[in-house]
Number of protein chains: 2
Amino acid sequence: MANSRELEALRKISLKRSACPVASTLDIIGDKWTLLIVRDLAFGKTRYNEFRRSDEDIPTNVLADRLRRLESAGLITRKPYQEKPVRYAYRLTKTGKSLGSLVAEMAKWGQMNIPGARRLSGSDDSVQR
Amino acid sequence: MANSRELEALRKISLKRSACPVASTLDIIGDKWTLLIVRDLAFGKTRYNEFRRSDEDIPTNVLADRLRRLESAGLITRKPYQEKPVRYAYRLTKTGKSLGSLVAEMAKWGQMNIPGARRLSGSDDSVQR
């Protein structure tokens with residue numbers, strides 16, 4: 001379970017449309033990009049430029065927006081790893097890490113049902129839970 | 001596995017951004033509404049007005065668009081159940097039904113992590129797999 005600040009943030013962002021747990025989850029991660037950033041974080045990427053280099057070529061403005069949203073939902077933390085210019089390292093919180101099983105389930109569905117989808121990069125063991 | 005028409009449709013719609021199975025799946029169901037319709041279908045709803053009556057109050061234009069997209073992705077079928085005016089019943093295909101585990105995983109995450117999210121309507125046993 002998350003700490004109280006994270007819980008408060010999650011409460012504010014979800015429960016917008018209904019109290020259904022599927023709708024509430026989709027209020028947070030229901031878009032084309034957010035779970036790709038979670039995927040990258042789960043595989044150990046931490047920096048802006050690393051997310052940018054992923055195959056999907058995420059637009060910079062979308063990346064910046066989704067990182068902000070993930071942080072305010074309490075799913076990632078941001079800490080400077082250098083000054084002048086300041087650069088941040090992003091990491092999944094405990095709650096953020098718990099999205100790993102959703103990403104894995106999505107990968108499984110894609111592999112089984114979409115012709116041409118490859119296996120998830122690296123072995124499943126390399127996902128940091 | 002799906003039939004060849006469904007496979008062809010899925011191939012066309014996904015694999016847009018990369019061959020990653022997560023990205024490919026998100027190309028199909030990565031939005032705030034699609035999985036809510038899948039949830040309703042999994043619980044036995046089949047008609048436009050039934051989807052409209054769900055708590056989230058889906059806008060009619062969004063509902064019509066997502067039903068069209070789900071059909072062209074081979075995840076649902078549409079069959080008339082009355083004439084004059086013609087009305088359609090929507091049902092999950094075999095591939096569509098396989099999204100059930102993703103919806104269940106999402107419900108589980110919401111219930112565990114979002115304070116105030118209720119249990120998924122009905123017992124989990126009532127989901128038609």
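The values are calculated or read from the model by the stated rules, or taken from the named source; none is laboratory data. Just so it is clear, the model here is predicted, and its values are computed rather than measured. Cβ: placed from backbone, ideal geometry, glycine included. Neighbour counts: every protein chain shown. Just the protein is used for accessible areas: all its heavy atoms, side chains included, with ligands, DNA and RNA removed. Shrake-Rupley method; radii C 1.70, N 1.55, O 1.52, S 1.80 Å.
Residue under question is B:Ser98, and the condition is that it be without any contact (Cβ under 8 Å) to a residue 12 or more places away in the chain and within 14 Å of chain A (Cβ to nearest Cβ); does it hold?
On the way: without any contact (Cβ under 8 Å) to a residue 12 or more places away in the chain: yes; within 14 Å of chain A (Cβ to nearest Cβ): yes.
In short, yes.
Of the residues contained in the stretch B:20-37, one or more are found to be in contact (Cβ under 8 Å) with a residue 60 or more places away in the chain and within 11 Å of the chain's Cα centre (by Cα). Do we find that B:Met106 is closer than 24 Å to A:Ser24 by Cβ and either polar (S, T, N, Q) or open to solvent by 10 Å² or more (accessible area, probe 1.4 Å) (or both) in this structure? Here the answer is no, as B:Met106 does not meet what is asked.
The selection criterion, being touching a helix residue (DSSP H, G or I) at 6+ places or on another chain (Cβ under 8 Å), away from chain B (no Cβ under 11 Å) and within 21 Å of B:Ser18 (Cα to Cα), does not hold for A:Leu70.
When the stretch A:1-27 is filtered for residues that are of a type in the set (Val, Ile, Thr) and over 10 Å from B:Ile114 (Cα atoms), only A:Val22 remains.
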